[in-house]
Amino acid sequence: MNTKKPDQPANGIDFAPLGFNDSNGPSTPSVGRSVDIVRFTLTHWPKLVMGFLAGLVLGGAFYIYSGPRYDASTRILVSKLAGTPLQQGEATTYGDRAEHVEIIKSAVIVERAYEKHDLGRLPTIGYSKDAVRDLIDEIKVKRSAGQDRSFMNFFVISYLSSSKEDAAAVVEAVVDAYDEYLAETRKEQSQEVLNLISEADDKLRKEIDELRAEYRKFRQDAPILFQNPVGQQTANGGSIMTPPNHYMARVDDLRKSQRDNIKRRNNIEAQIEALKEMIADGESKQAIEQYVMMSMSQQGGGEGAGGGTTTNPLLVVKPSKERLDEKLLLAYIEEADLKHHLGVEHPDVQKVRKRINGILSAYRAEGLTPPALGDFTQPADSTGLARVGVDLASIYLRFLEEQLKQLDYNDAAIDNQLGEAIADAKEAADYEVIEKQLSDELRQKEAMLDGIVDKLKMVDITKEHTGYRMQRISDVLVALSVKRIIKIVGAFGIMGALCVFGFKYFTEWQDMSLKNLDEVRRYTNSSVMGAVPHFVVDPRSHRSDGSGLSEALTYYHRPGSREAEAYRSVRTTLFFSTAPKNERVIQVSSPEPGDGKTTSISNLAVAVAQSGKRVLLIDGDLRRPTIHQLFNLPQHVGLSDVLRREVEWMNAVRPTEIDGLFVLTAGDTPDNPAELLSTSDLSSTLKAARSEFDYVFIDTPPVLAVSDPVIISPHVDGMVLVVRMNKNKRPAIVRTRDMLESHGVQIYGIVANDMNFDESLGESYDSYAGYYNTGRSQQSTTAYPDAAPVLVGESSIR
């Protein structure tokens with residue numbers, strides 16, 4: 001029957017190198033190979049200790065054979081030489097210690113030491129084909145103090161050799177080579193830095209000269225006038241305060257003139273409107289003339305159209321023209337008035353005429369045009385005033401209108417000049433931006449040049465105080481290498497333990513048999529009724545005390561022994577399991593032959609009989625019957641004869657030396673035991689025996705060997721399955737469990753036979769030795785009170 005589960009490995013093997021492999025879960029345990037690593041270690045620790053000790057002995061022998069090794073070592077201090085003074089922002093921690101470790105062990109240092117100190121002449125080094133590589137592998141460098149990154153690094157340089165002198169020479173050579181390397185590195189680095197800074201200085205000076213030439217050419221070619229000289233700076237090196245742009249000042253002046261003309265126009269228009277309203281309203285001549293004179297006096301008190309002086313020399317409108325216009329107007333009015341009262345030839349009229357000519361000369365001198373005021377001797381009809389003499393209102397109106405025309409001319413001129421000024425200002429702003437960029441770049445380059453010059457001075461000062469410096473802080477010490485002894489002996493010891501561990505582990509991993517009660521429960525899915533400890537007797541040997549019973553019946557011969565106590569535990573568990581349903585007919589079997597089922601059922605029957613029960617023990621193994629040997633009874637006239645109806649079953653039952661225990665042997669071995677057991681006579685026989693005895697035990701063949709157990713199982717109440725520890729394989733147990741489950745066989749529990757208890761796992765019963773009595777007895781004795789099942793051992797009886 002194929003009972004292989006679909007989720008099991010195809011080869012039936014599960015690899016579990018670190019412990020038990022329960023790949024299918026607790027309900028369907030793996031049946032492949034596995035090792036409980038904890039139990040394995042605790043079980044074999046004495047062997048592991050022996051392997052470790054053997055390895056220590058071999059390690060000591062190897063050390064003696066290879067000879068001693070001497071460790072030469074010295075301590076050095078490698079510190080950073082900071083430049084004097086430290087640059088601002090320079091770190092106070094320098095290089096990782098790993099840099100020095102790698103450099104000291106590099107081919108550069110080791111080869112330098114090898115060649116300069118002629119290490120090839122040393123006996124322990126000269127024979128090597130690649131001495132430098134061997135030295136690199138053997139030289140050890142490690143940090144002895146400090147942190148990973150620190151200003152000072154302490155290192156220990158060591159070398160292991162079979163010669164004291166050679167070890168010391170190698171360490172000395174490496175230290176000297178590293179010291180020379182650091183000195184050369186300092187010089188090279190200083191010179192390299194100096195060269196780099198000098199190159200940068202030359203390059204920057206050339207760029208500054210080119211930039212200055214470009215800046216001068218730009219200022220010379222620019223169509224605008226710059227107010228600050230080339231490269232002009234303040235005392236602290238910054239840019240000077242640039243004065244306001246005169247192009248923008250001209251724009252501001254022109255815009256101010258526009259605003260002043262607008263104010264003047266508004267003022268003149270207001271005066272014209274007021275004067276016309278006075279004339280229209282019929283105001284008196286005297287009132288009108290007072291208004292005109294007052295207006296003229298207010299205008300004369302100012303400096304011009306804007307009431308102030310403009311700073312723009314290019315303006316067309318000059319403030320003196322308005323003053324001249326006012327003087328000319330007053331002079332004309334005075335002349336007209338004198339002519340009217342005194343006549344044309346009067347001396348006062350001539351004086352006024354001379355003053356008028358002087359004012360007109362002033363117009364010509366200034367390049368100005370006098371206003372057209374007309375003839376003041378004739379009254380103007382447009383005024384609507386009929387008077388004698390000068391019409392002052394008309395004259396002043398013509399004067400104001402002439403002012404408005406002059407303002408129109410001035411506004412047009414200012415607009416043209418303002419457009420040109422704005423265009424010039426925009427162009428000047430663009431050039432000023434470019435000029436600022438060039439000047440800023442020039443100042444930046446000059447500042448960089450100053451920094452490079454300072455660096456050159458600093459490098460020249462500190463070139464002997466930069467880089468790393470090495471200082472030896474201890475002499476070379478040579479001593480016997482104790483670490484090597486510990487390493488060799490310890491390594492051999494560990495290898496010995498590992499060899500034993502590997503061998504035992506592989507052996508146990510290959511062994512798929514049951515090892516402990518946990519595996520029994522796991523693979524059978526049943527509880528353990530008891531564990532019978534290991535004991536060795538010959539089941540065919542009989543006592544010479546007259547009973548004739550086999551030595552294998554330990555419960556009878558040694559009722560105080562651990563084996564008897566184990567069967568007593570099985571009996572107690574059986575009573576507990578069968579009591580609820582009053583089950584009496586019990587079948588006993590095992591997975592394979594040689595599991596000790598016959599010995600177990602015989603001792604169990606003795607234990608039950610000695611508890612006061614009436615017991616019938618039937619040998620149902622018609623193929624290899626052995627019960628008659630244990631009880632020293634004849635084999636013929638037994639179960640096979642009853643099933644062939646050659647004898648009544650009661651006549652085939654024989655009493656034994658044990659009170660209450662009766663045996664029905666197998667009888668003659670038939671040719672067709674399976675067919676014989678399939679007859680209805682077996683069922684009737686068991687029914688009859690059930691009514692006569694308290695318990696009926698049937699010994700049947702192994703489950704996996706033949707089909708007899710499953711043929712008998714329908715006629716019994718349940719089965720007790722006997723397994724043999726360290727013999728039954730896990731796949732066999734699983735197959736047995738599946739076969740019994742498929743036939744609906746009730747299993748009361750498992751009897752673990754031939755159990756070896758492990759003290760390391762707490763399974764030893766040596767501490768309870770006082771409770772057991774190994775003495776022999778020829779008669780039925782009163783057993784110890786029934787107790788709960790205990791872990792005892794297993795029998796080696798087949």
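At-a-glance table
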{"item": "Contacts under 7 angstrom Cβ, first residue in segment 537-562 being modelled with pLDDT under 60, partner of a type in the set (A, V, I, L, M, F, W, C) and outside any loop (DSSP other than H, G, I, E, B), 6 or more apart", "result": "P539/L630"}
{"item": "Tally, over segment 558-610, of residues that are in a helix (DSSP H, G or I) and small (G, A, S)", "result": "9"}
{"item": "Pairs, first at negative phi in segment 263-276, second modelled with pLDDT under 85 and open to solvent by 50 Å² or more (accessible area, probe 1.4 Å), C-beta under 9 Å, six or more apart", "result": "K263/G307; R264/G307; I268/E401; I272/E401"}
{"item": "Test set (1) at pLDDT below 85; (2) assigned to a helix (DSSP H, G or I); (3) surrounded by 14 or more Cβ atoms within 10 Å (Cβ to Cβ) - V110 fails condition number", "result": "(1)"}
{"item": "V723 at pLDDT 90 or above, surrounded by 21 or more Cβ atoms within 10 Å (Cβ to Cβ), closer than 30 Å to T41 by Cβ and not polar (S, T, N, Q)", "result": "yes"}
{"item": "Single residue of segment 731-750 satisfying the filter (surrounded by fewer than 21 Cβ atoms within 10 Å (Cβ to Cβ) and of a type in the set (S, T, N, Q)) that is farthest from the chain's Cα centre (by Cα)", "result": "Q746"}
{"item": "Meets criteria (in contact with an Asp or Glu (Cβ under 6 Å, 6 or more places away or on another chain) and within 17 Å of Y748 (Cα to Cα)) for I601", "result": "yes"}
{"item": "Filtered residue count, segment 491-523, keeping only those that are in a loop (DSSP other than H, G, I, E, B) and among the acidic types (D, E)", "result": "1"}
{"item": "Filter result for the condition that a residue is among the β-branched types (V, I, T), modelled with pLDDT of 85 or more and open to solvent by less than 30 Å² (accessible area, probe 1.4 Å), over I488, I473, I494", "result": "I488"}
{"item": "Filter result for the condition that a residue is at pLDDT below 75 and of a type in the set (A, V, I, L, M, F, W, C), over L373, L342, L360, L330", "result": "L373"}
{"item": "L135 vs. criteria of a type in the set (A, V, I, L, M), open to solvent by 60 Å² or more (accessible area, probe 1.4 Å) and either in a helix (DSSP H, G or I) or modelled with pLDDT under 85 (or both)", "result": "no"}
{"item": "Candidates T679, T598, T665, filtered to the one that is over 22 Å from V570 (Cβ atoms) and crowded, with 24+ Cβ neighbours inside 10 Å", "result": "T665"}
{"item": "Only listed residue being of a type in the set (S, T, N, Q), at pLDDT 85 or above and surrounded by 14 or more Cβ atoms within 10 Å (Cβ to Cβ), chosen from N261, N245", "result": "N261"}
{"item": "Failed condition for E648, given (1) in contact (Cβ under 8 Å) with a residue 12 or more places away in the chain; (2) open to solvent by 20 Å² or more (accessible area, probe 1.4 Å); (3) of a type outside the set (A, V, I, L, M)", "result": "(1)"}
{"item": "For Y215: the one exception among (1) within 30 Å of V110 (Cβ to Cβ); (2) buried (at least 17 other Cβ atoms within 10 Å of the Cβ)", "result": "(1)"}
{"item": "Check on N267, at pLDDT 85 or above and not acidic (D, E)", "result": "yes"}
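The values are calculated or read from the model by the stated rules, or taken from the named source; none is laboratory data. Here the structure is a predicted model, which is why all the values come from computation and not from measurement. For neighbour counting, all protein chains shown are included, and Cβ atoms are generated from backbone atoms with ideal geometry for every residue, glycine included. Note: areas computed on protein heavy atoms with side chains; ligands, DNA, RNA excluded. Shrake-Rupley method; radii C 1.70, N 1.55, O 1.52, S 1.80 Å.
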